[in-house]
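To keep things clear, I will list the structure first and then write my remarks on it.
The values are calculated or read from the model by the stated rules, or taken from the named source; none is laboratory data. Treat the numbers as computed from the prediction; the structure is a model and nothing was measured. Ideal geometry is used to build each Cβ from the backbone, glycine not excepted, and the neighbour counts take in all protein chains shown. The protein model used for the area step is the full one, side chains on, heavy atoms only, and it has no ligands, DNA or RNA in it. Shrake-Rupley method; radii C 1.70, N 1.55, O 1.52, S 1.80 Å.
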Amino acid sequence: MHPADGDPAKKLPRSALMHAAAGEVLPGGTSRSVHQGQPHPIYAASGRGCVVTDVDGNRYVDFYNNATSLIHGHAHPPTVSAITVQARRGTAFALPVESQIALARLLRDRIGGVDQVRFVNSGSEAVLLALQVARAVTGRPAIAKFEGLYHGSAEAAEVSLDPDPDAWGSPSAPASVAYTRGTPAGLLENVVVLPFNDIEATEAGLRANAGRLAAVLLDVMPMRLGFIAADRDWVAAVRRLTRELGILLVADEVVTFRLEAGGGQAVHGYSADLTILGKIIGGGLPVGAVAGPRDIMHAFDDSGGRALVPNAGTFNANPLTMAAGLAAMRAYGPAEISRINQLGGTLRARLDAGLAELHAAAHVTGAGSLFGIHMTDRRYRDYRSYWRAHVADGDARRRQRMLHDDLRQRGFLLTTAGVGALSTAMSEGEVDAFVAAVMETVQRMGGMGSPAAHGSAPGTSAV
Ligand SMILES: Cc1ncc(COP(=O)(O)O)c(C=O)c1O
């Protein structure tokens, strides 16, 4: 029998038991709002390199990489030994440790315009702090973000993360839509939402709110929009306008830092006022960081008295994270970056060619070591066109879900939205096997090139 045939639950009896037990003590049976596919999440037992083994003994090639955060895959030997050495010396002190200096230096040397770094424990926390710093430095209350982009769980950053057409307002001046019920009106008033990749509307929104905007949050390859690319001209316009209007440009490089030694800023040739880091810089342990020039990072400096933004964090610059991050980042230099970027290029090109050969209603996005497979041939360039292509189209939604579940059955992990990331533990063999599995999956789905793929969900005509 083919691995993708049969009842998936039969392969996962122990995971099923654990999921049932988890439901008793964890809301929804999980500690994390990440869709894990049907019929329930699989429980990991171990990981090595690019392979994860679940508690039922099934093996998967991991293109999920903990939401792009594992640049070297699992149990990367130099990172494991750095963690082990540090764990024997102690895991947390109220005293600083030297490795934070080395990791901060490494990051400073890679990112243009960065003099200093503040380490925290998650990307969400780093976003929260960067916005606080921007407000403190400029004395302005509001921030701007682009519609549909994810920047972690800070309340302001979640505004208009997934608005529906009945709430999202005008395309050129989107409404600020609460992500969770009970979000204070005052918070919404202080978040200006702008359309991604739209120079004219971005300029109008920034100019109209210039006097009250402290910061603009930018991500040049948003995972929530399936790794579509920001237009170069639009990024340049955002940089030019924020500089002209005295608004701090905050680059969220939590995911894009893997794209080049200097992250998405190096790809687009610009320099932000503040850079937010996370994921890969922690070598697989929880991490976040705010980085920037001395005159802005000064906001954290309490050496001469109370800082503008005091920030005590029990686990900031945790010794284990610093050791792991340093080992992982030292092993991710220009040669490795270039190797996995090329491998990512190969993967996208082979997927493109294979899907074209099958006349599949599907397309591929991404850059460097990031990719997205979209079970629709509607191209998109912002949140609303993404929504029309994916959310409003019931057939595309169903096929997207099938892609994920079928690939999991065949032994490949990626997100339910079809996005994934390579790790340095991969080579052409994994790429070949993955592309072959995607093609078999797409063939099994049938309906390739079918106009049905463009059928609309109720209500789409109003969009
Ligand atoms: C672009 C971006 N910013 C911020 C975050 C939040 O990071 P964390 O999950 O470490 O809080 C994420 C997480 O996926 C992200 O993708």
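Restrict the check to region 283-305 and report whether at least one residue is part of a loop (DSSP other than H, G, I, E, B) and closer than 19 Å to ALA229 by Cβ. Taking every residue of region 283-305 in turn, none turns out to be part of a loop (DSSP other than H, G, I, E, B) and closer than 19 Å to ALA229 by Cβ.
Residues in region 57-86 that are more than 23 Å from GLU428 (Cβ to Cβ), away from the ligand (no atom under 16 Å from the Cβ) and open to solvent by less than 40 Å² (accessible area, probe 1.4 Å): ASN58, THR79, ALA82, GLN86.
In region 286-311, the residues that are free of Cβ contacts under 8 Å to residues at least 40 places away in the same chain and away from the ligand (no atom under 16 Å from the Cβ) form Cβ pairs under 7 Å with partners that are open to solvent by 10 Å² or more (accessible area, probe 1.4 Å) and of a type in the set (Asp, Glu), at six or more places apart or across chains, as follows: ALA307/ASP301; PRO310/ASP302. Annotation: of all residues in region 221-243 being open to solvent by 50 Å² or more (accessible area, probe 1.4 Å) and in a helix (DSSP H, G or I), the one that is nearest to the ligand (Cβ to nearest atom) is MET223.
Being at pLDDT 95 or above, under 23 Å from ARG135 (Cβ atoms) and within 13 Å of the ligand (Cβ to nearest atom) is a description that applies to GLU253.
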